[in-house]
Amino acid sequence: MSVTGWWVVMPVPGAVVVDVGAVVGPLVAAQAREGGAGFERWRRGELDLREAEAQYGLAAPDLLDDHLDLLYEVWGAHEKSGPFLAAACRKGCPAAGLAHAVGAERFGALPGWFGNFALGPERVREAFPAVEAAFSLGTGERAAAERRLYEALEEVRPEDADALLDGLVPVWRRARDAGWGLLGAQATPS
């Protein structure tokens with residue numbers, strides 16, 4: 001049996017963040033508390049995110065799967081309002097692949113838990129400088145990150161790899177400039 005993991009990061013109005021955050025926020029916060037020790041093990045090199053078991057165990061890609069109807073509703077309502085990040089990978093977790101690609105220090109700049117977050121406009125503005133610094137990769141860094149991404153996500157399509165490596169900062173900037181929030185969600189729909 002094979003699953004396809006998705007990661008979507010979409011700018012949305014602040015009111016949407018409030019509504020969605022009431023549902024997903026407590027789940028993400030609880031997972032961040034529960035998974036903190038695992039994140040530290042990964043940071044120390046004791047977990048290898050090239051392994052599917054480590055990806056699923058640490059990243060919890062199905063954390064929000066019980067709320068897919070809500071996520072689909074939000075995505076459908078806002079997908080035409082401008083660019084957003086959407087990446088998929090068969091037999092892998094896109095956000096965990098990005099984490100392996102850029103490393104714990106860079107990936108740790110993202111609020112929430114492994115790509116799951118509901119951030120209001122103020123939090124988007126506050127986090128933008130750190131996210132921009134962490135994910136703006138120079139040519140050599142980008143090439144190394146791409147190699148590492150393909151190590152972790154063997155069945156990722158090139159367009160999804162490009163979205164992961166190049167899409168986060170522009171989407172974050174767009175949300176900041178529009179005064180919107182951001183909704184980030186991993187999903188493994190069956």
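Descriptive notes on the structure:
- Complete set of residues in the stretch 110-135 that are open to solvent by less than 20 Å² (accessible area, probe 1.4 Å) and assigned to a strand (DSSP E or B): Trp113, Asn116, Phe117, Leu119
- Within the span defined as the stretch 26-49, every residue fails to be open to solvent by 50 Å² or more (accessible area, probe 1.4 Å), part of a loop (DSSP other than H, G, I, E, B), closer than 20 Å to Leu165 by Cα and touching a helix residue (DSSP H, G or I) at 6+ places or on another chain (Cβ under 6 Å).
- Candidate set: the stretch 136-145, residues that are in contact (Cβ under 8 Å) with a residue 24 or more places away in the chain and of a type in the set (A, V, I, L, M); chosen: the one surrounded by the most Cβ atoms within 10 Å (Cβ to Cβ): Ala145
- Of all the criteria given as (1) modelled with pLDDT under 95; (2) touching a helix residue (DSSP H, G or I) at 6+ places or on another chain (Cβ under 9 Å); (3) open to solvent by less than 40 Å² (accessible area, probe 1.4 Å), the one not satisfied by Trp75 is (2).
- Condition check for Leu85: touching a helix residue (DSSP H, G or I) at 6+ places or on another chain (Cβ under 6 Å) and in contact (Cβ under 8 Å) with a residue 24 or more places away in the chain: yes
- Qualifying residue in the stretch 122-134 (condition: among the charged types (D, E, K, R) and on the phi > 0 side of the Ramachandran plot): no
- All conditions in (1) under 15 Å from Cys93 (Cβ atoms); (2) at pLDDT 95 or above; (3) open to solvent by less than 70 Å² (accessible area, probe 1.4 Å); (4) touching a helix residue (DSSP H, G or I) at 6+ places or on another chain (Cβ under 8 Å) hold for Arg148, with the sole exception of (3).
- Residues being in contact (Cβ under 8 Å) with a residue 60 or more places away in the chain, crowded, with 16+ Cβ neighbours inside 10 Å and either touching a helix residue (DSSP H, G or I) at 6+ places or on another chain (Cβ under 9 Å) or outside any helix (DSSP H, G or I) (or both) - total across the stretch 173-190: 10
- Residue tally, condition closer than 17 Å to Leu165 by Cβ and not small (Gly, Ala, Ser), over the stretch 87-145: 18
- Filter pass, Ala52 being open to solvent by 20 Å² or more (accessible area, probe 1.4 Å) and under 17 Å from the mean Cα position of the chain (by Cα): yes
- Residue tally, condition closer than 30 Å to Pro13 by Cβ and open to solvent by 30 Å² or more (accessible area, probe 1.4 Å), over the stretch 151-160: 1
- Residue in the stretch 1-25 that is surrounded by the most Cβ atoms within 10 Å (Cβ to Cβ), counting only those that are assigned to a helix (DSSP H, G or I) and out of contact with any strand residue (DSSP E or B) (no Cβ under 6 Å at 6 or more places or on another chain): Val16
The values are calculated or read from the model by the stated rules, or taken from the named source; none is laboratory data. It should be emphasised that the depicted structure is a prediction, and the values quoted were computed from it without experimental measurement. Cβ atoms come from the backbone with ideal geometry, glycine included; neighbour counts cover every protein chain shown. Just so you know, the surface numbers come from the protein's heavy atoms only, side chains and all, with ligands and any DNA or RNA stripped out. Shrake-Rupley method; radii C 1.70, N 1.55, O 1.52, S 1.80 Å.
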